[in-house]
Structures are given as structure tokens and as C-alpha cells.
Amino acid sequence: MKTIILVFTLLSFEVVMAQSSEISGKYDKIGKFEKGVAIVRKNDMVGVINSDGKEVIKPEYDKISAFGNDGIAYTYKKDLVGLINREGRVIADNQYDYIGHFKSGNAIIKKNGLSGVINKEGKIIVDMKYEKLSCEEGGVIRATNADGTMTLIKPNN
């Protein structure tokens, strides 16, 4: 009887082993999965894979932040920041010195000392011509001009 149980156990183990498959093995490091994706590292560059092991974002960035509830992450390449979504669509190229957190669907961007505003679709909704900007509740933006005067802006998203 012990022999039959041992043979059955070994056969069951082989069946379980045969049902698993390696889905990804080509990365130097694979991070924890959060919201269906994981950040991967290969040759000192980072990208993103999904839980099926499919490469959603090719490892070409210096750093990628965690994805927010809106499915957007910040990407960093050569000290410039951009935006990408969980599906791998680039929302904003890595051309900005800074992109702030989204408030009312808008984020402040900075480049060459000037500020503007971008929306979650990557569209610049306030031109980059202000010294300082602040996104307020309700989508109103408070802007400081080069001469120190202030302006309120209500963008048409």
C-alpha cells in the first residue's frame, strides 16, 4: 500500500510540474507585481511586464515610478521626465525637467526655467511661459508672470 501511495504522489508531482511554464527569464531583476504589472531591469535600464510575462514597456528608461490609480507612471531618461500609461503608450516624451502630481486632471511641467500645465492625455493646456504655476481646486491655475504679476487661468481641457 505504501508503494502505491508513493507512486501516486510522484505521478501527481510530475503532473503539477508539467502544468507550469516559465513565462519570462530574460531580466536581471523583476519587481513585485502591482496593479497587474511589474518593473523589470535589464542592462541597467528599466521597463514593465504584465502578469503574462509580456513586455509592455521595453527596458529603455533609467527609472519608472509606480503606476498611480489613474494608470500613469513617471519615466526618467537622462535626467528628463516623461509620462507613460500601464499599456505602454507614451503620454509625454522625456523632455521635461519636472512634472508635478496631477490635481484636477492637470500637472505642472517645467522646462528651461519656465512652467506650463499638461493634462493626463499629454496635451499642453497652459503654454510654458510662466515663472511659477499652481494648480488649484476646480482646475483653476494661479500663474506668476516674469514681471511678478499674477494671473488666474481657467484652461479648456
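The values are calculated or read from the model by the stated rules, or taken from the named source; none is laboratory data. Remember, predicted model here, so these are calculated numbers, not experimental data. Cβ coordinates were reconstructed from backbone atoms using ideal geometry, including for glycine residues, and neighbour counts include every protein chain displayed.
State whether one or more residues within the stretch 64-84 are assigned to a strand (DSSP E or B), of a type in the set (Asp, Glu), over 24 Å from Glu136 (Cα atoms) and modelled with pLDDT of 90 or more. No, because not a single residue in the stretch 64-84 is assigned to a strand (DSSP E or B), of a type in the set (Asp, Glu), over 24 Å from Glu136 (Cα atoms) and modelled with pLDDT of 90 or more. Taking the stretch 132-153 as the range and being assigned to a loop (DSSP other than H, G, I, E, B) and either within 27 Å of the chain's Cα centre (by Cα) or surrounded by 14 or more Cβ atoms within 10 Å (Cβ to Cβ) (or both) as the test, the residues that pass are Glu136, Val140.
Tell me whether the stretch 35-53 contains one or more residues that are closer than 24 Å to Ile118 by Cα, in contact with a Leu (Cβ under 8 Å, 6 or more places away or on another chain) and surrounded by 15 or more Cβ atoms within 10 Å (Cβ to Cβ). No: zero hits. Only one of these conditions is not met by Lys132: (1) outside the structural domain of Met45 (by TED's automatic domain parsing); (2) touching a residue at least 24 places away in the same chain (Cβ under 8 Å); (3) among the basic types (Lys, Arg). Which number is it? Here Lys132 meets the rest and fails (2).
State the number of residues belonging to the stretch 95-124 that are within 23 Å of Tyr61 (Cα to Cα), in contact with a Ser or Thr (Cβ under 9 Å, 6 or more places away or on another chain) and surrounded by 14 or more Cβ atoms within 10 Å (Cβ to Cβ). Residues meeting the conditions: 2. In the stretch 96-108, is there at least one residue being on the phi > 0 side of the Ramachandran plot and either without any contact (Cβ under 8 Å) to a residue 24 or more places away in the chain or in a loop (DSSP other than H, G, I, E, B) (or both)? Scanning the stretch 96-108, I find at least one residue that is on the phi > 0 side of the Ramachandran plot and either without any contact (Cβ under 8 Å) to a residue 24 or more places away in the chain or in a loop (DSSP other than H, G, I, E, B) (or both), so the answer is yes.
Cβ-Cβ below 8 Å, separation at least six or inter-chain, first residue in the stretch 61-85 and under 19 Å from Lys110 (Cβ atoms), second basic (Lys, Arg) and in a strand (DSSP E or B): which pairs? Going by the 8 Å Cβ cut-off, the qualifying pairs are Asp62/Lys77; Thr75/Lys63; Tyr76/Lys63.
When the stretch 106-135 is examined, which residues are found to be in contact with a Lys or Arg (Cβ under 6 Å, 6 or more places away or on another chain) and over 30 Å from Gly88 (Cβ atoms)? Across the stretch 106-135, the qualifying residue is only Ser134.
Could you grab me the full set of residues in the stretch 54-94 that are crowded, with 19+ Cβ neighbours inside 10 Å and more than 27 Å from Asn156 (Cα to Cα)? The answer is Val56, Ile57, Pro59, Tyr61, Ile64.
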